[in-house]
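Trainee: Sharing a structure, written as structure tokens. Questions coming.
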Amino acid sequence: MLCLSAEGVLPKIDYAIFADTGWEPAAVYSHLDRLEREIAEPAGIPVLRVSSGNIRNDALDPEHRFASMPLYILNKDGKPGMTRRQCTGEYKIKPLKKQVRQLIGYPYPTRIPRSIFVEQWVGISTDEFHRAKDSDVKYMRNRHPLIDMNWSRSDCTRYLTSLGLADTPKSSCLGCPFHGNAQWRHIRDTSPQEWEDVVAFDAAIRKGNARANATGNRLLGEAFLHRSRVPLGQAPIDHVTATEWAAQQQELGDGDAHVQELEDGVVDGCSPWACRGEVGPVQTDFQLAS
């Protein structure tokens, strides 16, 4: 959308805002730098980076209140569960809202008049039209330009390729539990340091986040990053899931049909108002030490 705006295909935007969780792949930060330098600055579009902190460091800091990640839980009775997902709201939506309030001149807790609002573009393509949502506040009105243009993921890929941006990486936390096997393999096979980092983090959160442990809310079960509920270094990430296979077939056929997310993985990536982990009801059965 930034490129389309810079080229004049879409109206010129006032700002592009990146909500940084502090734990994105190095390739994402490098790509953002390139976009700012080669696309945004020449078009006169400011790129703002906002943050609520470093999600990895916060999870391991016993002194820091932590908005939980959706970790996979294995209870002592063998039943699976999943912790509540609060990270998108804390590390994506919250800093975006704060920045928008500052831009329109009404910082929290100043009341915003009903007549004051921003139009916020969300990059949902036609493949994922069901994820197009409204904002939960009146001063931010969501619009979905890619859907308006009837663009699919394939259209986006072709356009980025024409601009020399075919290697655009997916934005999401390195240790996001919603990664599919393909994303875990990509980290392992292309970035040994980042793989070592996520494996270490997976081991560190086995009994939950550090703050919970420090306050006596230790998990009775165990927490994991991979849906198999085994340590990440031992998880079956070389298995090609049904979702990944379907996506590969779509790419081979260059089709625009929507790929249905199945029980063995979800599409990688993270969007504040359309988290790609929101596939059906989230099971929240887990146990804390009393």
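Trainee: From (1) polar (S, T, N, Q); (2) in contact with a strand residue (DSSP E or B) (Cβ under 6 Å, 6 or more places away or on another chain); (3) surrounded by 19 or more Cβ atoms within 10 Å (Cβ to Cβ), pick out the condition that doesn't hold for Asn217.
Mentor: Among (1) polar (S, T, N, Q); (2) in contact with a strand residue (DSSP E or B) (Cβ under 6 Å, 6 or more places away or on another chain); (3) surrounded by 19 or more Cβ atoms within 10 Å (Cβ to Cβ), the lone unmet condition for Asn217 is (3).
Trainee: Out of all the residues in the range 168-193, which are among the charged types (D, E, K, R) and modelled with pLDDT under 95?
Mentor: Lys170
Trainee: Specify which of the listed residues (Glu196, Glu222) is open to solvent by 40 Å² or more (accessible area, probe 1.4 Å), modelled with pLDDT of 85 or more and closer than 21 Å to Ser68 by Cβ.
Mentor: Every option except Glu222 fails the conditions.
Trainee: So in the range 200-240, with the set limited to residues that are aliphatic (A, V, I, L, M) and assigned to a loop (DSSP other than H, G, I, E, B), which one is farthest from Trp23 (Cα to Cα)?
Mentor: Leu220
Trainee: Please go through the range 139-156 and pick out each residue that is open to solvent by 60 Å² or more (accessible area, probe 1.4 Å) and modelled with pLDDT of 95 or more.
Mentor: Arg141, Arg143, Asp148, Asn150
The values are calculated or read from the model by the stated rules, or taken from the named source; none is laboratory data. Since this is a predicted model, take the numbers as computed values, not measurements. Backbone-built Cβ (ideal geometry, glycine too); neighbour counts: all protein chains shown. The accessibility values were calculated without ligands, DNA or RNA, using every heavy atom of the protein model including side chains. Shrake-Rupley method; radii C 1.70, N 1.55, O 1.52, S 1.80 Å.
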